[in-house]
1. Would a scan of the stretch B:105-115 turn up a residue that is touching a helix residue (DSSP H, G or I) at 6+ places or on another chain (Cβ under 9 Å), closer than 23 Å to A:Glu17 by Cβ and surrounded by 15 or more Cβ atoms within 10 Å (Cβ to Cβ)?
2. Please count how many residues of the stretch A:75-116 are within 12 Å of another protein chain (Cβ to nearest Cβ) and within 8 Å of DNA strand C (Cβ to nearest atom).
3. Consider the stretch B:34-44. How many of its residues are within 7 Å of chain A (Cβ to nearest Cβ) and under 8 Å from the mean Cα position of the chain (by Cα)?
4. Among what's in the stretch A:2-23 and is at pLDDT below 90 and at the interface with another protein chain (Cβ under 7 Å from one of its Cβ atoms), pick the residue that is surrounded by the fewest Cβ atoms within 10 Å (Cβ to Cβ).
5. Output the residues belonging to the stretch A:45-56 that are facing chain B (nearest Cβ under 7 Å) and within 13 Å of DNA strand C (Cβ to nearest atom).
6. Being within 6 Å of DNA strand C (Cβ to nearest atom) and of a type in the set (A, V, I, L, M, F, W, C) is the filter; apply it to the stretch A:59-74 and report the residue that is surrounded by the most Cβ atoms within 10 Å (Cβ to Cβ).
7. Need pairs with beta-carbon distance below 9 Å; first residue free of Cβ contacts under 8 Å to residues at least 40 places away in the same chain and within the stretch B:17-34, second surrounded by fewer than 15 Cβ atoms within 10 Å (Cβ to Cβ) and of a type in the set (Lys, Arg); sequence gap 6+ or separate chains.
8. Can you list residue pairs whose Cβ atoms sit under 8 Å apart, with the first residue in the stretch A:65-80 being under 15 Å from A:Tyr95 (Cβ atoms) and the second being part of a helix (DSSP H, G or I) and of a type in the set (Asp, Glu)? Count only pairs 6 or more apart in sequence or on different chains.
2 protein chains.
Amino acid sequence: MPSDRCQCRIVHEQQVEKARNGALPPAEIDKLAQFFKAFADPTRLKILQALNQEEMCVCDLAAFLGVSESAVSHQLRLLRQMALVANRREGPVLYYHLTDAHISQLVLVALDHIRE
Amino acid sequence: MPSDRCQCRIVHEQQVEKARNGALPPAEIDKLAQFFKAFADPTRLKILQALNQEEMCVCDLAAFLGVSESAVSHQLRLLRQMALVANRREGPVLYYHLTDAHISQLVLVALDHIRE
DNA sequence: TTAATATATGAGCAGTTGCTCAGATATTAG
DNA sequence: CTAATATCTGAGCAACTGCTCATATATTAA
């Protein structure tokens, strides 16, 4: 047990207690962090923002982003596993689209923030 | 130049063009990704959520989170550099608080999402 | 001043991430 | 069937991240 966690250094027990009571369950915290991670990379963010306008295939996204199709495909797999995007097959082409309106909402709130 | 970016594979030029027109400036994309990164780690997320309820000192946060004060201090430095938190000194104790209402708003939207 | 408390900071390290490259799979055309 | 197109996938690697540990700084009390 680390010495810097001994009880004598808990200065405000009431505040710690209040934080504990208001805390989200660990499982939800982890899900939230995972969710935010999807938006925490420029490439994924551009993908999500592009798909927010209209569906696109891997090829289009690669051209738009200026990265390899393999890189796009890897990121799309992540986003698929998080159920943030889904695809629709038309012959050999897979068209990707967003699955949830919260996605654009989240970007809008964040934009409000960074624009002050 | 990678072979998988040759022009012949841009299937839908109109869609790529539309994505380009609707795209956010690169600087804004990077800022957004950086902003979301703050929320993309369970420890930081717990800190932000705790501070959303009331101000707390490093010591309290360490006790609440069950991690070392050093770890908390490092994360608080990041959040300070991003201007998401600020502190108020009272003697030797630094009380940290959130600087922006967008923070709790963002968490609420994300919660809506993960709870379906 | 010295000692104690509260926090900050730099170095270092294990784990994670985002890419590239090579190859696999899926669909369609011939 | 084979060839071509579109996408997926695993391995591997450099860069980044979040922690620990030791040490430094800041404030207060004696």
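The values are calculated or read from the model by the stated rules, or taken from the named source; none is laboratory data. These figures come from a predicted structure and were not determined experimentally. Neighbour counts run over all protein chains shown; Cβ positions are idealised from the backbone, glycine included.
1. yes
2. 3
3. Kept after step one, since they are within 7 Å of chain A (Cβ to nearest Cβ), are these residues of the stretch B:34-44: B:35-37, B:39-42.
After this cut, where a residue has to be under 8 Å from the mean Cα position of the chain (by Cα) as well, the list is B:35-37, B:39-40.
So the count comes out to 5.
4. In this case the residue turns out to be A:Pro2.
5. If the condition is that a residue be facing chain B (nearest Cβ under 7 Å) and within 13 Å of DNA strand C (Cβ to nearest atom), then A:Leu45, A:Lys46 are the ones that fit.
6. By that ranking, first place goes to A:Val67.
7. What qualifies is B:Glu28/A:Arg115.
8. Pairs found: A:Glu69/B:Asp4.
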